[in-house]
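See structure below.
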Amino acid sequence: MASIAFESLKLATNECNIYGGFFVFSIGVIGNVLNIIIFSSLKTFREMSSTFYMTVTSAVNIFQLIFGLLTRILINGYNIDPTKTSSFMCKARQFILITTMLIVFTCMCFAAIDQFLLLTNPWRHLCNLQLASRLVIIAFIVSFLHGIPVILFQDLYPPLVTGQTSCSFTSIGYSIYYSRFLFPILLGILPLTVRITFGVLAFVNVRGLHNRQVPIVRLERDKQLTAMVLVEVAIDVIVSLPYSIYNYFYTSAVTFPDQISVAENQFISSVTRIIFYGNFSLPFYIYCCVSSRFHRQLVHVLTNVPLKYRQETMNRCRMNQITPQLTVDANMVLSLTAW
């Protein structure tokens, strides 16, 4: 019975990694690409610093999904794990994961704070693309510096010469920092608290705009952006909580009493991790449901843009068909003139 339960859990874990992982990866890459296109194609979005943060987040999300989720599918689903044979791959993957994750959550915090400042008259001037660009550059630099200890303390363990290896932390202190502070606090509670706080403050401010003489277009835009920020953080709380709890309580366990416990731990890890990747794959679908302006721009991108491209292609083809006929006529005229 124990062996049957073990094999069942192992199979369920494998299926979860492959099918669940590929589903989240596919919708995430498609959604983030569409986010970038939509935020870049509409002038209203291009000129706002809050949507600039969202655009940067969408771009970094793609890297997170490729280097994080896709490689995890290969490792757990197909037993293709270069991090167990290459020290460089071991260090590089973990460095990219932590760095991009920190950039994403920092930019999400910036977007929530920016939306609050945008609705507060004394600080409205702080919401500009120049300042937003500088803050994003700082976020990249700080995140890269924060990732340096990963390069130092992540490696093949035990050493390759002893046979079986795993990509893990070589420092107990950093391992504790990773499981007790980095994931549950720095990448969990702290950014969620910041986003919830400023999202609620922005919501309070946007409700107060009804009592002021504010243009209807601006009022509607601010309401929708605030709703996008609030709903996104609410969904992120739901998808982040299980994996943060797992990292805090389970990763500190070094040994398990039997194979069933090992299989259960792997299954819980796989399920909570895939749910956690909703942070990087769901924003586009949240924006579509919450913002009518975003939804209209999506329809425009999916219908008018391809039609425009097709029309331009047809026009070029017609020009190419007309040009040879004009050349022949010109040669005929020249030959007649020569006679």
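Quick one: putting +1 on the C-beta of Lys and Arg, -1 on the C-beta of Asp and Glu, what dipole do you get for segment 2-288 around its Cα centre, in Debye to the nearest 20? List each step's numbers first, then the result.
Numbers: 17 positive and 12 negative charges, 173 e Å.
Taking the Cα centre of segment 2-288 as origin, the dipole is about 840 debye.
Amide H contacts of residue 170: 154, 155, each under 5 Å away and 5 or more positions distant or on a separate chain (H built 1.01 Å from N in the peptide plane; Pro and chain starts excluded).
Arrange the peptides 260-271, 138-149, 60-71 so that the one whose residues have, on average, the most other Cβ atoms within 10 Å appears first. It would help to have the intermediate numbers written out before the result.
Details: 260-271: 17.4, 138-149: 15.0, 60-71: 21.2.
Packing order, densest peptide first, comes out as 60-71, 260-271, 138-149.
Charges were assigned to the Cβ only: +1 to each Lys and Arg, -1 to each Asp and Glu. The resulting dipole of segment 51-200 about its Cα centre is roughly 80 debye.
The Cα trace of segment 22-120 gives Rg and Dmax of 16.3, 54 Å, the first to one decimal, the second as a whole number.
Between beta-carbons, use under 13 Å as the cut-off and find the net charge around residue 77, counting Lys and Arg +1, Asp and Glu -1.
Working: positive: 10, 72, 273; negative: 15, 81.
Counting the neighbours of residue 77, the net charge comes to +1.
Relative to one another, the C-alpha centroids of segment 77-96 and segment 1-46 are positioned 20 Å apart. For segment 2-288, a Kirkwood hydrodynamic radius built from all Cα pairs, placed in the Stokes-Einstein relation at 10 °C and 1.306 mPa s, yields a translational diffusion coefficient of 78 µm²/s. Taking a sphere under 13 Å around the Cβ of residue 244 and counting the other residues whose Cβ falls inside, with K and R at +1 and D and E at -1, yields a net charge of +1.
We did not get these values from a lab; they are worked out from the coordinates using the rules stated. Model, not experiment: these values are computed from the prediction. Cβ: placed from backbone, ideal geometry, glycine included. Neighbour counts: every protein chain shown.
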